[in-house]
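Here's the structure, in structure tokens; my notes come after.
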Ligand code: KG4
Ligand code: ZN
């Protein structure tokens with residue numbers, strides 16, 4: 001039997017999960033609400049909150065999984081990419097736990113973790129497949145050849161898709177994180193405002209121009225009508241969301257055609273977006289793709305994806321030593 005404890009602390013979620021023989025038994029997530037009023041994650045506050053949350057989160061994951069601390073056979077942790085101070089909390093905890101219990105330590109790349117969330121439940125994709133990974137820090141198209149053999153096909157040259165949602169929310173006076181709120185408001189809106197589509201080469205993305213055009217659009221219209229935002233909020237959200245989705249899916253389609261791949265997945269926090277989920281499902285039907293969309297709880301940051309990635313590394317006996325340190329930057333195709 002393989003009982004793995006997974007730890008995730010790369011950004012503003014402290015999470016712990018127990019995986020037994022590849023099956024997730026618990027996935028506890030402590031959200032940090034402290035950042036809401038700042039319009040983004042404050043790194044210093046995030047690491048302090050991780051420090052407070054990590055022990056209770058791990059204890060709860062062990063309790064829910066109905067195991068004892070002594071049953072755990074290996075500990076997998078997010079080594080990066082992410083905020084260094086946040087990663088340090090999870091990494092230090094994992095090292096101390098492994099040392100104290102004399103069990104192996106397993107490093108997991110956070111972006112590989114997002115992709116491997118597709119192996120938590122059935123149906124699981126078959127290799128090779130294409131994954132659009134869209135989160136607060138990354139926007140990537142990845143060719144997934146095996147559990148830990150991934151090739152970066154395209155990525156954002158500036159902001160990530162999640163950042164585009166969050167920065168738009170800030171411009172619109174909405175709290176952080178903006179993605180879920182824009183998603184909700186867009187449901188009651190019509191995408192009648194046209195925002196420009198960037199012209200970027202190959203399979204790369206850009207979202208910074210969109211952010212600037214939204215800022216100018218809001219400034220111009222609120223000068224003419226101080227109530228413009230209040231009167232048009234739902235339609236603005238629907239228009240911005242529509243444009244972000246069209247940018248993402250255009251490149252995904254291009255990459256799928258070029259690489260002749262018909263198994264397509266999405267992962268990361270933005271894959272929780274209902275508009276994106278619908279649009280991808282519709283596109284997949286048209287393109288005859290087999291599509292994989294994670295359950296909501298496995299889209300945003302969670303330790304279940306780290307525990308399951310840890311399980312596959314455990315099977316390969318891929319362990320790391322106590323000298324390991326976190327990596328703020330770490331490519332998906334390492
Ligand atoms: O993967 P994730 O939890 O953390 C990172 O690794 O960055 O992604 C967080 C991002 C945030 O930018 C958040 O606004 C976005 O995912 N997000 C969404 C939705 N839920 C979360 N964006 C659009 N629609 C959503 N429903
Ligand atoms: Zn993430």
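The distance separating the Cα centre of segment 57-107 from that of segment 211-252 comes to 42 Å.
Looking only at segment 132-153, which residues have a backbone nitrogen under 16 Å from a spot 7 Å from the Cα of residue 201 in the C-beta direction? Counting backbone N atoms under 16 Å from the label point, the list is 153.
Taking all Cα pairs closer than 8 Å and separated by 6 or more residues, the relative contact order of segment 125-294 comes to 28 percent. Just checking the listed ones, 13, 323, 73: in the Gaussian network model of the chain with Cα springs under 10 Å, the one fluctuating most is 323. What residues from segment 238-281 fall in the zone where the backbone N is under 20 Å from a label point 7 Å along the Cα-to-C-beta line of residue 152? Under 20 Å, as judged by backbone N against the label point of residue 152, lie 248-249, 251-256, 259, 265-271 of segment 238-281. Our estimate of slack between residue 126 and residue 320, defined as 0.36 nm per intervening residue step minus the Cα-Cα distance, is 67.1 nm.
In terms of overall dimensions, segment 136-218 has a Cα radius of gyration and Dmax of 14.8, 45 angstrom. Only Cα sites of segment 40-157 enter the Debye sum here, all with the same form factor; the resulting log10 I(q)/I(0) across q = 0.15, 0.21, 0.24 1/Å is -0.86, -1.25, -1.32, listed in q order. Taking other C-beta atoms within 10 angstrom as a stand-in for reagent exposure, 288, 114, 138 fall in the order 288, 138, 114, fewest first. Taking the fewest neighbouring Cβ atoms within 10 Å as the starting point, the ordered list for 131, 11 is 11, 131.
Write down Rg/Rh for segment 216-275, rounded to two decimals, with Rg from the C-alpha atoms and Rh from the Kirkwood relation over Cα pairs.
Working: Rg = 16.6 Å, Rh = 14.1 Å.
In segment 216-275, Rg relative to Rh is 1.18.
By the Cα gyration tensor, segment 125-294 has an equivalent ellipsoid whose semi-axes, rounded to whole angstrom, run 30, 15, 13 from largest to smallest.
Comparing 23, 163, 107 in a Gaussian network model of the chain (Cα springs below 10 Å), the most mobile by mean-square fluctuation is 23. Stretched out straight at 0.36 nm per residue, the stretch from residue 328 to residue 282 would grow longer than its current Cα-Cα span by 13.0 nm.
Kindly put 63, 101 in sequence by how many other C-beta atoms sit within 10 Å of each C-beta, fewest to most. Walk me through the numbers before you get to the answer.
Working: 63 12, 101 15.
In increasing order of surrounding Cβ atoms, one gets 63, 101.
Calculated FRET efficiency, residue 220 to residue 254, Cβ-Cβ distance, R0 = 51 Å: about 0.95 to the nearest 0.05.
When the alpha carbon coordinates of segment 218-334 are projected onto the principal axes, the ranges are 63, 39, 25 Å, largest first. Rounded to a whole number of µm²/s, how large is the Stokes-Einstein D of segment 276-320 at 37 °C and 0.692 mPa s, given Rh as the Kirkwood radius over C-alpha pairs? D = 254 µm²/s.
222 nm [θ] for the chain, helices only, -39500 (n - 2.57) per DSSP H run of 4+, per residue, to 500? Let's see the in-between values first.
Numbers: 9 runs with 142 residues, N = 334.
Calculated at 222 nm, the ellipticity per residue is -14000 deg cm²/dmol.
The P(r) of the chain has a tail past 25 Å containing 51 percent of all C-alpha pairs.
Values in this text are rule-based calculations from the coordinates and carry no lab data. Remember, it's a predicted structure, so these values are computed and weren't measured experimentally. Cβ coordinates were reconstructed from backbone atoms using ideal geometry, including for glycine residues, and neighbour counts include every protein chain displayed.
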